[in-house]
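Each remark here refers to the structure printed beneath this line.
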């Protein structure tokens, strides 16, 4: 299939061949007929991509601080590699999609194959979208009209936060696509609407819709204009749908309002707020979050958990349906907003001149004969069974930043790379000369020429793919952890014993140059008990991260502390006999990332692993002390190692290398 992709590093927007995305139990596969180009949002993304590194840094100062902190702890080169790896990742564009359902997941309710639906899918011939972000289109609403649903929901959510009542006067600042639809919805709600924009064409459209709209110029005093129209009272509320770096907009919004007026920000503007503008009239200010409640909540958007309607009346899915209902009843009219229709293959007509594009709404029209292929050839090559061909399952940051660069140095024979959406795997296939990109990893398992399966997916999928790989007779490398619960472990052990498979887990710390040197000093025998202290300054990860989800990531102890248990086992040449764990604070579902583990080994070694997320980023991330026979060896963040009481070793320095 074809999909519009943007390169964040240089701003290039291209139409790429991508394998059709896979679906999970909660998702729906949609064959696209229309998608709407959100010129404001997409222009902002493209402009960011085309800007220089300095300009990118100025636009995201908070991320610059993170980069500087990482440089202090990890070094300049590893940090730059991580930054450039992130910039090289392709970004899909678009979030207003219309199409026909081609496949549904096992847990999907009320959506069937053949249904005509809207979603927040990208500009692609096929999209995979979770069911809470999909809504069925009424029969009397055309595909062209339905393409405005998601944009309409953005405006509707701003209105819901404003809570206008019949007869109130509301100002809409910015009469772009979102602003015009917002104005339409406000009029349908019985409000008197005043609008402002720099573009006279948009002002004319707004006036025809019943908005009292004015073009912004140096002769127009917007605040006085609003006060004059409201008998010097001021507007009841202001919805900002503009996109600007200026701080004047937020100040003017407050000055336009009556006492205790409301200001809702839907767009993107400067937010250097003057307290006096809001203080004297007790004006409330709120930022609207996209389509409504549920947005950016993985439980709602990915796992399809709904909110109880008695407590959350208007979720993003209900907002979608509300817009579709308004289109069906004729309460709002979007047909006149369509400026151009462009075939997908001619996408450059829109994207090559985004800055000059004065279109209100541009629609992309899709070919009905697009092919549905889950595996595509990127770098055609012939492979021979038994010749060490590799299939990579997973195309995330670790794969792109660590695994594939190492395999490239080894001239590894890479036959496949798989990802669920197909975008990241296709980009990496091109970069690292991999033969095929796929969204169906079972195509890799069924290929007899593939000898090794390399698994770097999310933790919850490891066990399933391992078991299927064992049955397919493959050699297996799986990034840690092997699995996330005891039941999965038992299944893997049984399959391993039955098929005598080769499985390697990606515990890399034992292969670090300093770990290898330390091991050579203390020796390979288990007759010398060691005292080992590991202080791991892991850093904070947000509570909503998948790593904390015990059903997906397994928690940071299983997902990350396992590295250091393996390293301790390597140093001691023994096996764990007893475990004692102490956790700081409240433990939620057996999950904590501030823990101290005391491990007793069979040879008498004691290992203390302190894994904390509440330390300073300026301090070393990993510090390891090994004490034995009046000797001490300390590894500091894998860059410096010092020995005490040793005749043949004093110190070692190395660029950071964790193996």
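The values are calculated or read from the model by the stated rules, or taken from the named source; none is laboratory data. The shown structure was predicted, so the numbers you read here are calculated from the model rather than taken from an experiment. Positions of Cβ are generated from backbone atoms using ideal geometry, with glycine treated the same way; all protein chains shown enter the neighbour counts.
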Practice item. Kindly indicate whether any position in region 411-418 is modelled with pLDDT of 95 or more, touching a strand residue (DSSP E or B) at 6+ places or on another chain (Cβ under 8 Å) and either closer than 21 Å to residue 7 by Cα or assigned to a helix (DSSP H, G or I) (or both). Key: yes
Point to revise | Spans of strands (runs of 3 or more DSSP E) in region 59-151 with at least 3 residues at pLDDT 95 or above | key: 97-104, 116-119, 126-130, 134-136
Check your understanding: Within region 315-335, is even one residue in a helix (DSSP H, G or I), touching a helix residue (DSSP H, G or I) at 6+ places or on another chain (Cβ under 7 Å) and either surrounded by fewer than 14 Cβ atoms within 10 Å (Cβ to Cβ) or in the same structural domain as residue 96 (by TED's automatic domain parsing) (or both)?
Key -> yes
Exercise for review: Determine if region 196-218 includes at least one residue that is more than 23 Å from residue 334 (Cβ to Cβ), modelled with pLDDT under 95 and more than 40 Å from the chain's Cα centre (by Cα).
Suggested key: yes
Review point. Is region 256-264 home to any residue that is within 27 Å of residue 36 (Cα to Cα) and either out of contact with any strand residue (DSSP E or B) (no Cβ under 9 Å at 6 or more places or on another chain) or at pLDDT 95 or above (or both)?
Key: yes
Point to revise | The one condition in (1) assigned to a strand (DSSP E or B); (2) without any contact (Cβ under 8 Å) to a residue 12 or more places away in the chain that residue 362 fails to fulfil | key: (2)
**Study point:** Qualifying positions in region 336-359 - part of a loop (DSSP other than H, G, I, E, B) and either outside the structural domain of residue 136 (by TED's automatic domain parsing) or surrounded by 15 or more Cβ atoms within 10 Å (Cβ to Cβ) (or both)
**Key:** 347, 354, 357, 359
Exercise for review: Could you please let me know if residue 614 is in a loop (DSSP other than H, G, I, E, B) and either more than 18 Å from residue 480 (Cα to Cα) or not assigned by TED's automatic domain parsing to the domain that holds residue 530 (or both)?
Suggested key: yes
**Study point:** Unique match (being under 30 Å from residue 142 (Cα atoms) and either modelled with pLDDT of 95 or more or not assigned by TED's automatic domain parsing to the domain that holds residue 124 (or both)) among 444, 423
**Key:** 423
Study note, to complete from the structure: Of the listed residues (232, 224, 247), the one being surrounded by fewer than 17 Cβ atoms within 10 Å (Cβ to Cβ) and more than 20 Å from residue 172 (Cβ to Cβ) is 232
Exercise for review: Determine whether region 570-577 contains at least one residue that is farther than 18 Å from residue 510 by Cβ and at pLDDT 95 or above.
Suggested key: yes
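Checking the conditions here, which among 621, 602, 658, 639 is more than 42 Å from the chain's Cα centre (by Cα), in contact (Cβ under 8 Å) with a residue 24 or more places away in the chain and either surrounded by 17 or more Cβ atoms within 10 Å (Cβ to Cβ) or assigned by TED's automatic domain parsing to the domain that holds residue 561 (or both)? Give the steps one after another, and end with the answer.
Values: 621 fails: more than 42 Å from the chain's Cα centre (by Cα); 658 fails: more than 42 Å from the chain's Cα centre (by Cα); 639 fails: more than 42 Å from the chain's Cα centre (by Cα).
From the options 621, 602, 658, 639, the qualifying one is 602.
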Practice item. Give region 536-573 a look and list any residue that's more than 30 Å from residue 301 (Cα to Cα) and crowded, with 20+ Cβ neighbours inside 10 Å, or say none. Key: 536, 537, 563, 564, 567, 568, 571, 572
